[in-house]
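Step one of this worksheet: look at the structure below.
The values are calculated or read from the model by the stated rules, or taken from the named source; none is laboratory data. These numbers were taken from a predicted model, which means no experiment stands behind them. With ideal geometry, Cβ positions are generated from the backbone for all residues, glycine too; neighbour counts draw on all protein chains shown.
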């Protein structure tokens, strides 16, 4: 297996600067992530994904994006179709649960088609957080429904649609962000629910999808597990809950290290996440000074992480499931009465 670092990094714009290219060649992150600031048009995105992979010398290097649909979508008009948020798929259950599952899978299959044509092979979907009525709106309509059963069922449908289309899913935000009373982008949420409550509701969808190749942690403190550290940097949360109770043995990545929920300098954030049990760390904003600091705390993946990385790459299908795009889009648009056409 090629040599790389246990990190996923972003870049600042629509093309790589000479400084970025030299930096990536030197530190060799395992993968990259794209945001709206990196997106102009299809040809530009294809050129950027090729340039990113060239810096690390791996044609299959993971390139991630957040393309959930709704308010969390990095691709949009005029070049790409608009997709609904998770809640819109859940609303279809009122008519027919089987239709809801079919359309959720179909939406993810179409997203995979969009992404693969750009050289993007990982989507940070599905959101498996079960929202609490009193929780912060940061999850809100990104959730597929209000019950663990609905979230798990439609989350699986979305994951399977992506996998069939040659794109890897990431279940998030493990072990559950739905009860958080604040936005972890801005501050550290503290959840005080009892472990039994968390186990039966919040952890349940992640347990159902514990066979998925990748998961992203929650920057949330669960006082019933670890009173001081958020899950991302908590050995207790990762070992006892994510690995043992939930049973997830896939690749575990941190959520973005630049989020304000985490404390300490960037080197320490990276070291804390990896020493707690994350396999790789994620840094998104493309800030060169921050990336240099992050990488000063990152080494090569551990033996277990390398095993998981090998398993992850093995989940990428060589040939995507056949898809009549026009027919699929017509079926998808009809399900939503043309609202997202």
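Observations, loosely collected:
- Subset of the range 104-138 (residues that are part of a loop (DSSP other than H, G, I, E, B) and touching a helix residue (DSSP H, G or I) at 6+ places or on another chain (Cβ under 9 Å)): 117, 118, 119, 120, 121, 125, 126, 128, 129, 130, 131, 132
- Strands (runs of 3 or more DSSP E) completely within the range 169-287 that count 1 or more residues being without any contact (Cβ under 8 Å) to a residue 60 or more places away in the chain: 214-217, 251-256
- Residue in the range 111-121 that is modelled with pLDDT of 95 or more, crowded, with 24+ Cβ neighbours inside 10 Å, touching a strand residue (DSSP E or B) at 6+ places or on another chain (Cβ under 9 Å) and within 22 Å of residue 334 (Cα to Cα) present: yes
- Given (1) outside any loop (DSSP other than H, G, I, E, B); (2) more than 26 Å from residue 176 (Cα to Cα), number of the condition residue 317 does not satisfy: (1)
- Residue selected from the range 164-208 under the condition under 19 Å from residue 309 (Cβ atoms) and in contact with a helix residue (DSSP H, G or I) (Cβ under 8 Å, 6 or more places away or on another chain), by the criterion surrounded by the fewest Cβ atoms within 10 Å (Cβ to Cβ): 166
- Residue 339 out of contact with any strand residue (DSSP E or B) (no Cβ under 9 Å at 6 or more places or on another chain) and within 25 Å of residue 168 (Cβ to Cβ): no
- Checklist (1) touching a strand residue (DSSP E or B) at 6+ places or on another chain (Cβ under 7 Å); (2) at pLDDT below 95 applied to residue 261, failing item: (1)
- Some residue of the range 132-145 being surrounded by 24 or more Cβ atoms within 10 Å (Cβ to Cβ) and more than 30 Å from residue 263 (Cα to Cα): yes
- Residue match in the range 33-45 (condition: more than 21 Å from residue 287 (Cα to Cα) and under 22 Å from the mean Cα position of the chain (by Cα)): yes
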